[in-house]
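Presented below is the structure to which this report refers.
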Number of protein chains: 2
Amino acid sequence: MIRFYNGKVLTMDSEIRPQDTEVWVDADKISFVGKPTAEQLSQTTFDRQIDLHGDVLMPGLKNAHTHSPMTFLRSFADDMPLQDWLTKQIFPMEAKLTEQRVYELTKLAILEYLTSGCTAAFDMYFFRDGYVKACVEAGFRSVMCGAVTGDESSLEKLEEDFAKYNSTGSPLISFMLGLHAEYTCSKELIGGVGQLAKKYKAPVAMHSSETEREVAECIGRYDMTPTQLFDSLGVYDFGGAAFHCVHLTDEDMQILKMRNVSAVHCPASNLKLASGIAEIVKMQKYGINIALGTDGPASNNALDMFREMYLMTALQKGVNKDAAACSPQSVLKAATVGGARAMQLSDCDVIAVGKQADLVVLDLNKPNMQPVNNIVSNIVYSADKTNVRLTMCAGKVLYEDGKFNVPWDTDEVYATANEIITEMKSE
Amino acid sequence: MIRFYNGKVLTMDSEIRPQDTEVWVDADKISFVGKPTAEQLSQTTFDRQIDLHGDVLMPGLKNAHTHSPMTFLRSFADDMPLQDWLTKQIFPMEAKLTEQRVYELTKLAILEYLTSGCTAAFDMYFFRDGYVKACVEAGFRSVMCGAVTGDESSLEKLEEDFAKYNSTGSPLISFMLGLHAEYTCSKELIGGVGQLAKKYKAPVAMHSSETEREVAECIGRYDMTPTQLFDSLGVYDFGGAAFHCVHLTDEDMQILKMRNVSAVHCPASNLKLASGIAEIVKMQKYGINIALGTDGPASNNALDMFREMYLMTALQKGVNKDAAACSPQSVLKAATVGGARAMQLSDCDVIAVGKQADLVVLDLNKPNMQPVNNIVSNIVYSADKTNVRLTMCAGKVLYEDGKFNVPWDTDEVYATANEIITEMKSE
């Protein structure tokens, strides 16, 4: 049992709790939230008691769209538009990946997630055994999704992976049906994914409406936007998650709301690839669940949820010419509760008894967080990775005071990542 | 003498130097840059030898527009447009400031600058003795500028301050002529500042063209943009620095270039107050010197130059729909050399013999900086404050490995800032 005490508890399902609120963690779950009686305290044996010293305890940040193993392509091909970047730089390098390389490169991403208070990633990639191995070794939570492309032959693999990665034996790992994007799939393939959604009554994840060109070409092919196409083929019948959603029509937004599809906002990647700025304020008005993601390290290039939070609100204020747009509360909700919902992690959203202990301690005793006029504003407008004091996944402290508690030597992880990209360049 | 060795030296006036390049610091200046001979090494006595372990040594970041003492208003009044925010929230609280409060609140800002690798601030504020006291105690470099407002009576004070703060006895402190903004000055006052510029052959700093409303009202009053008005009144005769420059015409840009006026870009503050996004790409084409600033903590709310660097390039890519816009090289230049130029700190711009030793060490041995495909891209697209290993001003290490080397107790600084805002709310 681990006891967090003497801090501010941001449960994300109610007001900020006063400083005498404690949170106790038993194995992987939150077992107590509140002010304990003297009797409760005296009758409980704690393995560890963590004095928060007035710091903030809150649910871990959820990175709801990423391609973790792409760490090797960080700063490899910057300053290019999406289509060129993908076809000329990214796809050829990705063709050289192996299971072992994905395992090694995923380690680097997990280390970075932990430094930014991120406790779960929603990951679309391949060589999944290597990826899962790294997550399980670290104790890091991941929801993978399918990324079928091409023709119908890849459906079988999707169904296999759906079964396989939802029964790995690790409670940290789950898998959602998914396709890469409209522009990399045949209509038949998309329809096939829709059939699987029906068969399993399962949500589906995919890239959608990331660029103007993607939407225009889809309309050219089918006289429908990607969102309309997916909906027409049954892909959204049991909800899902649409990554990016930069270029949506009003009708698209209505579909997302009606079908319970989360919009995963990736502001840094969308800016850097010059894809545009998603209309978050409008989506909020439609009541769409919004989550926040970094996208992969090749297009961001950091895996830093604090940067995404700032961008989410600042961009909406800027483009809507409304300084009140996109409140910090709504941003923090997207980065925690909204992400958990998009990832179908209903037990990782808030701090409450019975929920998974995926938690973060944010250090307020740093100059950027003082004075404390408003904690949520401080987190969204001022916090950065230097404020991450502790990151806990499923009840286990994986990062604390700048040190990692993972079974890897960090210098070796860095060296291996450099070796891999050097080798790949010469292959 | 301090020796930096075994690192990558980003001098900012040439290519990245190979790892056997060393930088030596004698008192407040850089005394050697290059590969020393065995003889040079054996004949030199070092007070300290800093093994960079492959990390990056580069010129300190220059925060070219800020209002440091406004730390007390962080998260105090968010989500409001500029004019309301200023007149209803900021000005009434500022009226309660004192010399002593400014001294205390400046300390908090300096601590934050040091954590973000910032070695100098271009500061517009009042109660300057309190401000200077904090900077000199810390050993932090500052260029202040005048902020005259109202009528001509404030000109005398500006001239006094110009003399006084350019002869404090501390080489860390200097003062530039300046006015607050067109919208807070009479035309006669602006003309008076122009006269002082002529008298002292001195550059002038001011807020300019931050909002559409400011520009429209100025045109309504004078049939000129703020830039045209300043130019017509001689304010720009000896160059200067214009803060914000969000809404410039082509003619305005020609004036800035011709008059050698630096444009100080504050992307976070401009977004958060919904003022807009400056046309940096266009300004770069005109050859205007561009610097980068955070603006004050009431409108940003962090004082984090890494966030500004990312915003500068990402926003230009986004609004210009061009992923190649605003190269990371141009961003890093704005944050270092461009800032030094805007602040008239000609000896703090690059790493070269005889320059001031205002230096930063960036830690590459963190997950967000690996692999090292491109150092400049890594810094601009991926770095954050966790990468700041050491910050040195004028040859003195002020921050290293998360510890401050300043004559203040940081907990006291935080507590005092909270006491001040609490007192002010009740006054």
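The listed peptides B:288-298, A:328-338, ordered by packing as a protection proxy, come out as B:288-298, A:328-338 (highest mean of other Cβ atoms within 10 Å first).
How much length is gained if the chain between B:GLU212 and B:LYS88 is pulled fully straight, taking 0.36 nm per residue apart and subtracting their Cα-Cα distance, in nm to one decimal?
Working: separation 124, 0.36 × 124 = 44.64 nm, distance 1.95 nm.
Difference between extended and current length: 42.7 nm.
Among residues other than A:GLY276 with Cβ under 13 Å from its Cβ, the summed charge is -1 (Lys and Arg +1, Asp and Glu -1). Calculated FRET efficiency, A:SER186 to A:GLU160, Cβ-Cβ distance, R0 = 25 Å: about 0.80 to the nearest 0.05.
In this structure, the amide hydrogen of A:PHE175, modeled 1.01 Å from its nitrogen in the peptide plane, lies closer than 5 angstrom to those of A:MET144, counting only residues at least 5 positions away or on a different chain. Taken along the Cα-to-beta-carbon direction at a fixed 7 Å, the label points for A:LYS96 and B:THR168 span 5.4 nm. Convex hull of alpha carbon positions in the protein assembly as shown: directionally averaged projected area 35.9 nm². Annotation: average projected area of region A:112-152 is 3.4 square nanometres, based on the convex hull of Cα atoms across all directions.
Farthest toward the positive end of the dipole of region A:61-342, out of A:ILE90, A:ALA147, A:GLY117, is the Cα of A:GLY117, where the dipole comes from beta carbon charges about the Cα centre.
Take the Cα of A:THR149, step 7 Å toward its Cβ, do the same at B:ASP129, and the gap between the two points is 6.8 nm.
Which one of A:PRO297, A:ALA268, A:VAL337 is farthest out on the positive end of the charge dipole of region A:61-342, using unit charges on Cβ (Lys, Arg +1; Asp, Glu -1) and the Cα centre as origin? The listed residue farthest towards the positive side: A:VAL337. Per the Debye formula on identical point scatterers at the alpha carbon atoms of chain B, with no solvent, log10 I(q)/I(0) at q = 0.06, 0.13, 0.14 Å⁻¹ is -0.23, -1.13, -1.30.
Counting other beta carbons within 10 Å of each residue's own, what order do A:ARG141, B:ARG74, A:ARG259 fall into, fewest first? Kindly include the intermediate steps, with their values, before the conclusion.
On the way: A:ARG141 25, B:ARG74 33, A:ARG259 18.
Least to most surrounded, the residues fall as A:ARG259, A:ARG141, B:ARG74.
Using a Gaussian network model of chain B in which every pair of alpha carbons under 10 angstrom is joined by a spring, one finds that among B:ALA357, B:ALA197, B:ALA274 the greatest mean-square fluctuation is at B:ALA274. Taking other Cβ atoms within 10 Å as a rough exposure proxy, B:HIS65, A:HIS247 sort from fewest to most as A:HIS247, B:HIS65. Given contacts defined as C-alpha pairs under 8 Å and at least six residues apart, what's the relative contact order of region A:83-150, whole-number percent? Reported relative contact order: 35 percent. Seen against the Cα atoms of chain A and their longest principal axis, helix A:187-200 is set at about 40 degrees. Calculated [222 nm] ellipticity per residue, helices only, for chain B: -10000 deg cm²/dmol; basis is -39500 (n - 2.57) per DSSP H run with n ≥ 4, divided by all residues, nearest 500.
Mean partner shielding of peptide A:401-409, defined as the number of other chain Cβ atoms within 10 Å of each residue Cβ, is 1. Positive end of the dipole of region A:18-109 (Cβ unit charges, origin at the Cα centre): among A:LEU41, A:THR106, A:THR21, the Cα lying farthest that way belongs to A:THR106.
Charge dipole (Cα centre; +1 on Lys/Arg Cβ, -1 on Asp/Glu Cβ; no other charges) of region B:7-157 amounts to roughly 180 debye.
Stretched out straight at 0.36 nm per residue, the stretch from A:ASP51 to A:GLN254 would grow longer than its current Cα-Cα span by 68.4 nm. Rounded to the nearest 20, the Cβ-based charge dipole of chain B about its Cα centre (Lys and Arg +1, Asp and Glu -1) stands at 840 debye.
Here the dipole of the protein assembly as shown is about 80 debye; that uses its Cα centre as origin and unit charges on the Cβ of Lys and Arg (positive) and Asp and Glu (negative). Taking every residue in A:306-316 and counting other chain Cβ atoms within 10 Å of its Cβ, the average works out to 5. Listed by Cβ neighbour count within 10 Å, with the fewest neighbours leading, B:PHE32, B:PHE404, B:PHE140 appear as B:PHE32, B:PHE404, B:PHE140. Between the Cα long axis of helix A:305-320 and the first principal axis of chain A there is an angle of about 60°, rounded to the nearest 10.
With contacts defined as alpha carbon pairs under 8 Å and 6 or more residues apart, what's the relative contact order of chain B in percent?
21
Every number in this text was worked out from the coordinates using simple rules, so none of it is lab data. Everything quoted here is computed from the prediction, not taken from an experiment. As a convention, Cβ positions derive from the backbone with ideal geometry for all residues, glycine included, and neighbour counts pool all protein chains shown.
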